[in-house]
1. Take the conditions over 19 Å from the mean Cα position of the chain (by Cα), in a helix (DSSP H, G or I), modelled with pLDDT of 95 or more and surrounded by 24 or more Cβ atoms within 10 Å (Cβ to Cβ) and apply them to residue 206. Does it pass?
2. Name the residues in segment 92-116 that are assigned to a loop (DSSP other than H, G, I, E, B), more than 12 Å from residue 62 (Cβ to Cβ) and touching a residue at least 40 places away in the same chain (Cβ under 8 Å), would you?
3. Within segment 36-82, count every residue that is more than 16 Å from ligand 1 (Cβ to nearest atom) and either within 18 Å of the chain's Cα centre (by Cα) or assigned to a strand (DSSP E or B) (or both).
4. Here are some conditions: (1) within 24 Å of residue 154 (Cβ to Cβ); (2) at pLDDT 95 or above; (3) more than 16 Å from ligand 2 (Cβ to nearest atom); (4) in contact with a helix residue (DSSP H, G or I) (Cβ under 8 Å, 6 or more places away or on another chain). Residue 42 meets all but one. Which one does it not meet?
5. For segment 209-255, which positions are surrounded by fewer than 16 Cβ atoms within 10 Å (Cβ to Cβ), farther than 22 Å from residue 166 by Cβ and touching a helix residue (DSSP H, G or I) at 6+ places or on another chain (Cβ under 9 Å)?
6. Residue check: is residue 159 closer than 22 Å to residue 231 by Cβ and not in a loop (DSSP other than H, G, I, E, B)?
7. Residues to consider are 80, 96; find the one that is within 16 Å of ligand 2 (Cβ to nearest atom), exposed (fewer than 15 other Cβ atoms within 10 Å of the Cβ) and over 30 Å from residue 321 (Cα atoms).
8. Evaluate the following for residue 31: is it surrounded by fewer than 23 Cβ atoms within 10 Å (Cβ to Cβ) and either within 16 Å of ligand 2 (Cβ to nearest atom) or farther than 21 Å from residue 151 by Cα (or both)?
Ligand SMILES: [Zn+2]
Ligand SMILES: [Zn+2]
């Protein structure tokens with residue numbers, strides 16, 4: 001029997017284990033992917049720490065998967081072995097439930113999450129439903145693109161579905177794993193892009209990524225600085241600090257939106273400001289597989305790149321700790337080296 005290496009979480013809060021398992025066979029409506037690389041995302045802590053109910057262990061985490069289809073299950077007609085594909089957080093939808101019938105596939109009542117509902121990409125192979133697949137613009141996947149499957153689609157899709165129009169002021173709060181991609185997407189989409197981060201040392205990078213204005217939130221009041229520009233039509237908050245999110249609300253333009261994609265526990269909002277400026281605070285879910293496909297195509301065409309630290313699969317534990325430390329510049333990626 002052919003076997004593969006996977007990195008699994010044996011039970012909640014336990015250390016990662018590297019084990020040999022039989023290579024899985026794709027069932028009806030599924031494909032098997034030979035994994036080339038998988039990004040390490042903060043949300044992998046859901047599997048590692050057991051933060052969702054009903055996760056079946058042992059479980060292989062990883063939802064920033066890139067690779068090549070190498071086998072297809074019964075009934076799969078639109079996908080073939082050899083195609084370069086990616087798989088993100090969204091692990092497929094049923095097409096039958098009420099949210100699916102309304103076209104809100106992201107909210108599918110039986111929707112699956114890669115690396116949580118089924119085994120993910122910290123592995124040499126994985127099996128996924130076809131509704132989770134994004135096609136690469138060419139027949140080659142690239143290791144560096146793995147973070148586009150989660151951090152990339154989340155920022156790209158939030159921006160392109162926002163109310164901002166080309167030329168308007170869009171601010172990105174935080175220049176980390178999400179933010180360094182959000183700044184690039186915002187600039188390439190034609191917004192007047194403002195980057196907000198802590199410290200003067202991040203300014204050169206912010207400008208290199210495409211920001212035309214940089215606000216150092218330690219030295220300046222970001223809300224006041226945004227108001228000098230007429231206010232931001234959209235502020236994308238990529239940080240996970242509720243207080244930092246609250247501190248920028250006052251910088252919104254009339255009809256502006258504070259768009260939250262960083263998973264903070266809570267934040268303070270001024271309803272008075274919201275109602276007098278007819279503003280909103282909104283969350284954004286990353287998107288489905290076709291949104292990932294659009295993210296890949298846009299990024300390839302416009303030169304949007306994730307900056308990564310790369311580790312081999314057998315050093316997954318170290319790679320995960322590096323991601324958790326918040327010190328990685330900017331995303332961490334595992335390669336299968338085969
Ligand atoms: Zn993620
Ligand atoms: Zn559904």
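The values are calculated or read from the model by the stated rules, or taken from the named source; none is laboratory data. Small disclaimer: the values here were computed from a predicted structure and weren't measured. Neighbour counts are summed over all protein chains in view; Cβ atoms, including those assigned to glycine, are modelled from backbone coordinates with ideal geometry.
1. Answer is yes for this residue.
2. Matches in segment 92-116: 92, 93.
3. Of all residues in segment 36-82, those more than 16 Å from ligand 1 (Cβ to nearest atom) come to 36, 50, 53-54, 56-58, 67-82.
Adding the requirement that they be either within 18 Å of the chain's Cα centre (by Cα) or assigned to a strand (DSSP E or B) (or both) leaves 36, 67-72.
Number of matching residues: 7.
4. Checking residue 42 against (1) within 24 Å of residue 154 (Cβ to Cβ); (2) at pLDDT 95 or above; (3) more than 16 Å from ligand 2 (Cβ to nearest atom); (4) in contact with a helix residue (DSSP H, G or I) (Cβ under 8 Å, 6 or more places away or on another chain), the one that fails is (2).
5. Those that are surrounded by fewer than 16 Cβ atoms within 10 Å (Cβ to Cβ), farther than 22 Å from residue 166 by Cβ and touching a helix residue (DSSP H, G or I) at 6+ places or on another chain (Cβ under 9 Å): 218, 219, 221, 224.
6. For residue 159, the condition - closer than 22 Å to residue 231 by Cβ and not in a loop (DSSP other than H, G, I, E, B) - is met.
7. On the way: 80 fails: within 16 Å of ligand 2 (Cβ to nearest atom).
On inspection, the qualifying residue turns out to be 96.
8. Details: surrounded by fewer than 23 Cβ atoms within 10 Å (Cβ to Cβ): no; either within 16 Å of ligand 2 (Cβ to nearest atom) or farther than 21 Å from residue 151 by Cα (or both): yes.
No.
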